[in-house]
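Each remark here refers to the structure printed beneath this line.
The values are calculated or read from the model by the stated rules, or taken from the named source; none is laboratory data. Please read these numbers as outputs of a predicted model, since none were measured by experiment. Don't worry about glycine lacking a Cβ; one is built from the backbone with ideal geometry, like all the others, and counts go over all protein chains shown.
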Amino acid sequence: MFLLWKLLCFTCILALVRPVPEKIPIGAIFTPGTEEQQSAFKYIIHLHNTNDSQARFKVEPVVEVLDSPDAFKMARACKCEFLSFMG
């Protein structure tokens, strides 16, 4: 039982000290004519990145503007963006 407890504590400690990436991509898909929403999205990310007292990591905005109500095109754009960050 004691060994199990030590193993559990060690696992929790490892989970807490795991390094956080320097920049985490945060994406948004907008339609044309939504410049105000795009600006607000970028502003919030800027606020997060300049708040050094509480932010442990920076985020990188990834904005995609699609002129299509087609859900398949949106899903494909999401997939392509995701794959570009993975490798």
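Applying the selection to region 29-67, what residues are at pLDDT 70 or above and small (Gly, Ala, Ser)?
GLY33, SER39, ALA40
How many residues, within region 38-62, are touching a residue at least 24 places away in the same chain (Cβ under 8 Å) and over 12 Å from the mean Cα position of the chain (by Cα)?
The qualifying residues number 2.
Which number in (1) of a type in the set (Phe, Trp, Tyr); (2) at pLDDT 70 or above; (3) surrounded by fewer than 11 Cβ atoms within 10 Å (Cβ to Cβ) marks the one condition that PHE10 misses?
It fails just one condition, (2).
From the residues in region 68-87 that are closer than 29 Å to GLU22 by Cβ and among the basic types (Lys, Arg), which one is modelled with the highest pLDDT?
The residue in question is ARG76.
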